[in-house]
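Report on the following structure.
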Amino acid sequence: MTTATDQVNALLNATKPILYDTGADEWPYAFSGTCFPVRYRDTLYVVSAEHCFKNFGIEPEQTMYPSPVDSRTAFAFDLKVHASSPVAKDHKHHDQFVLRVARSKHSIAETGKVQAIDLSDPSKSRLPTSASVRDVVLRGYLFDAPKHAIDYDLFSISQQAYTTNGCVAATPSPYDFCYYIDLIKPIPDGMTPNGMSGSPVYGILDTGYPVFCGMVIEYNHITGAYLAVGPEVLVNSLRQLDQEDSPEG
């Protein structure tokens, strides 16, 4: 029987660094931020912050999210879209990119092995400010983490994640559909938050089970709080994609 702790750990383990192919012979791979999977019905998506790609001059589809069947291979994608809201009065939330795992190349049996919250189920997402959320958990890949590195001489890639919880407060921000997440220890001592963008925000309910509460896009160096896009933007965008993809759509 899968416990609440098992579900939380599986979701955190499914959160990956953005590893991408640089196209350069001397340094073929590099890291850029964090990404995570979500599901909408039977379709698997990989989500991250758009600036994780723009800042490094790469395309989102260069993301190498490992297949659960063979970690030496990566998923192919057949669609990339912004997750955004047409009713927002500002564009701060417009920093989520969604990649759809190609169904023509990856079976449901393969994608189904990835632990991801199904956002077609309304009970699987909450606003981070919801009274039902007793804590939040973030996992990201800090560039400063000592074991998070690519050694081109040894031909080795090592990944080191930083996981933090202990929510002090979750409050609305001045930006539409965005929230501040204040944590007891948002980053390790002596490190910067670079690399945490694209991290999923998982809320923990009183039952201990996780729900999706959004995605990190910024860190406020003055207050020490993360700015996250709330879950409603991604959920509504995936719902629209699902409707457009359905036979009746």
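Readers should treat all values here as calculations from the given coordinates under stated rules, not as data from a laboratory. Keep in mind that this is a model prediction, so the values were computed, not measured. Because the Cβ atoms are built from the backbone with ideal geometry, glycine has one as well, and the counts that use them run over all protein chains shown.
Going by how many other beta carbons lie within 10 Å of each one, how would you line up Tyr219, Tyr202, Tyr226, Tyr40, fewest first?
Going from sparsest to densest Cβ surroundings: Tyr219, Tyr40, Tyr202, Tyr226.
How would you order 60-66, 85-91 from highest to lowest mean count of nearby Cβ atoms within 10 Å?
Ranking, from highest mean packing down: 60-66, 85-91.
What distance in nm lies between label points placed 7 Å from Cα along the C-beta direction at Asp118 and Gln243?
Here the modelled spin labels are 2.1 nm apart.
Report, in debye and to the nearest 20, how large the dipole of region 4-245 comes out about its Cα centre when Lys and Arg carry +1 and Asp and Glu carry -1 on their Cβ.
Roughly 460 debye, rounded to the nearest 20.
Under a 5 Å amide H to amide H cut-off, with H placed in plane at 1.01 Å, what residues pair with Glu218 once short-range neighbours are removed?
Excluding prolines and chain starts, which carry no amide H, the hits are Leu227.
At R0 = 22 Å, how high is the FRET efficiency between Thr192 and Thr171 if r is their beta carbon distance? Nearest 0.05 is fine.
The value I calculate is 0.40.
Sorting check: for 100-108, 29-37, which peptide has the highest mean count of neighbouring beta carbons within 10 Å, and how do the rest follow?
29-37, 100-108
Determine the gain in length on full extension of the stretch Thr163-Asn13; use 0.36 nm per residue of separation and subtract their C-alpha separation, reporting nm with one decimal.
53.0 nm
Give the relative contact order (percent, whole number) for the chain; include only Cα pairs under 8 Å separated by 6+ residues.
21
Which label marks the calculated value of Cα Rg over 2.2 N^0.38 Å, given the options (1) 0.97; (2) 1.11; (3) 1.16?
The value matching this structure is (1).
Residue by residue, what Karplus-based ³J(HN,Hα) values in Hz, rounded to whole numbers, does region 126-136 have, using 6.51, -1.76 and 1.60 with θ = phi - 60° and x for Gly and Pro?
Result, ordered by residue: 8, 5, x, 8, 4, 5, 7, 9, 8, 7, 10 Hz.
Can you tell me how much longer the chain between Lys80 and His221 gets when fully stretched, taken as 0.36 nm per residue apart minus their C-alpha distance, in nm with one decimal?
Full extension from Lys80 to His221 adds 47.7 nm.
For the chain, what is the calculated [θ] at 222 nm in deg cm²/dmol (nearest 500), taking -39500 (n - 2.57) for each run of four or more DSSP H residues and dividing by its residue count?
Result for the chain, helices only: -4000 deg cm²/dmol.
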